[in-house]
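One structure below.
The values are calculated or read from the model by the stated rules, or taken from the named source; none is laboratory data. Predicted, not measured: the structure shown is a model, and the values here were computed from it. Methodologically, a virtual Cβ is constructed for each residue, glycine included, from the backbone with ideal geometry; neighbour enumeration extends over all protein chains shown.
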């Protein structure tokens, strides 16, 4: 009986080793996906706060340095630049999540 006990232990250990790499890979993928989503949320929050602050500061500069007739054009250009940068960042992060 002592001879079969080590053999049984070897078989169980061998079975555990074959399933561990699959579980570790699956856990890694889930953790990576979670980190990607957290990164996306953090970047969106930072972008929102920064956009509000930047918009306020740029609006003050526009009122001070741009004549009244060109203010809407300058504000529109600035808003478009912010929108394009945000869309590019979100698109890049969403591609990583696929």
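Within the range 66-76, can you find the residues that are exposed (fewer than 10 other Cβ atoms within 10 Å of the Cβ) and part of a helix (DSSP H, G or I)? If the condition is that a residue be exposed (fewer than 10 other Cβ atoms within 10 Å of the Cβ) and part of a helix (DSSP H, G or I), then 68, 69 are the ones that fit.
Take residue 47 and decide whether it is in contact with a helix residue (DSSP H, G or I) (Cβ under 7 Å, 6 or more places away or on another chain), under 30 Å from residue 30 (Cβ atoms) and part of a helix (DSSP H, G or I). In short, yes.
Quick check, is residue 24 at pLDDT below 90 and touching a helix residue (DSSP H, G or I) at 6+ places or on another chain (Cβ under 9 Å)? For residue 24, the condition - at pLDDT below 90 and touching a helix residue (DSSP H, G or I) at 6+ places or on another chain (Cβ under 9 Å) - is not met. The single condition among (1) surrounded by fewer than 12 Cβ atoms within 10 Å (Cβ to Cβ); (2) modelled with pLDDT under 90 that residue 55 does not meet is (1). Among the residues making up the range 37-52, those that are over 15 Å from residue 85 (Cβ atoms) and loosely packed, with under 13 Cβ neighbours inside 10 Å are 37, 38, 41, 42, 45.
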